[in-house]
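Enquirer: Attaching a single structure in structure tokens format; questions to follow.
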Amino acid sequence: MAQSGIKQFLTEILSWWGGNTWGTRLWIRRFGAYVGSDEFGNRYYYDKKHDRRYVTYAGGYADASAIPPGWHGWMHHRTDVVPAEAKYEPRAWEKPHQPNLTGTAAAYRPEGSLLNTGERPRVTGDYQAWSPE
């Protein structure tokens, strides 16, 4: 096994945050039935015996916000109709998925933030700083 192969092997066994673990794969293989997939490549499974629903995320990183609205309803038992079978059409107010950019260079930084480039706006005249005298 190559160095990267060993690292990937250990990561799959020991970390749940990096994607599907071996335990998840075995459980789905034993009890799960494939239901469908979404436009992002996430795959959805159903377990009749335990009345559970599973998702395996495409790309490996487990990001629950990457589940589209139709599949979100199915995952949370709000509907029993699988979106792939029902030709689900999102409503006008449902926006497409955007990844959470917190902690990256593309994160939102409001005006006045210490991490924002530029200078903080000057204080207006309605405030006078206290100073000990």
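The values are calculated or read from the model by the stated rules, or taken from the named source; none is laboratory data. Fair warning: this is a prediction, and the values are worked out from it, not measured in the lab. Neighbour counts run over all protein chains shown; Cβ positions are idealised from the backbone, glycine included. Keep in mind that these areas ignore ligands, DNA and RNA; they rest on the heavy atoms of the full protein, side chains included. Shrake-Rupley method; radii C 1.70, N 1.55, O 1.52, S 1.80 Å.
Enquirer: Just name the residue that is farthest from the chain's Cα centre (by Cα) out of those in segment 56-111 that are among the hydroxyl-bearing types (Ser, Thr, Tyr) and under 15 Å from residue 40 (Cβ atoms). First the steps, then the outcome.
Expert: Restricting attention to segment 56-111, the residues satisfying the condition of being among the hydroxyl-bearing types (Ser, Thr, Tyr) are 56-57, 61, 65, 79, 88, 102, 104, 108.
Then keep just the ones that are under 15 Å from residue 40 (Cβ atoms); that gives 56-57, 61, 65, 88.
Details: 56: 11, 57: 9, 61: 8, 65: 4, 88: 20 Å.
Per the criteria, the residue is 88.
Enquirer: List every residue pair whose Cβ atoms sit under 7 Å apart, with the two residues 6 or more apart in sequence or on different chains, where the first one lies in segment 100-115 and is over 22 Å from residue 61 (Cα atoms) and the second, anywhere, is open to solvent by 100 Å² or more (accessible area, probe 1.4 Å) and in a loop (DSSP other than H, G, I, E, B).
Expert: So the pair list comes out as 109/115; 112/120.
Enquirer: Another question, then. State whether one or more residues within segment 39-56 are outside any strand (DSSP E or B) and in contact with an Asp or Glu (Cβ under 8 Å, 6 or more places away or on another chain). Break it down stepwise before answering.
Expert: Within segment 39-56, the first condition is being outside any strand (DSSP E or B), and the residues that meet it are 39-42, 48-51.
Of the ones still in play, those that are also in contact with an Asp or Glu (Cβ under 8 Å, 6 or more places away or on another chain) are none.
Within segment 39-56, not a single residue is outside any strand (DSSP E or B) and in contact with an Asp or Glu (Cβ under 8 Å, 6 or more places away or on another chain).
Enquirer: While we're here: In this structure, is residue 90 in a loop (DSSP other than H, G, I, E, B), surrounded by 10 or more Cβ atoms within 10 Å (Cβ to Cβ) and touching a Pro at 6+ places or on another chain (Cβ under 6 Å)?
Expert: For residue 90, the condition - in a loop (DSSP other than H, G, I, E, B), surrounded by 10 or more Cβ atoms within 10 Å (Cβ to Cβ) and touching a Pro at 6+ places or on another chain (Cβ under 6 Å) - is met.
Enquirer: Still on this structure, please answer the following. What's the number of the only condition in (1) modelled with pLDDT under 80; (2) more than 27 Å from residue 68 (Cβ to Cβ) that residue 15 fails to meet?
Expert: Result: residue 15 fails condition (2) only.
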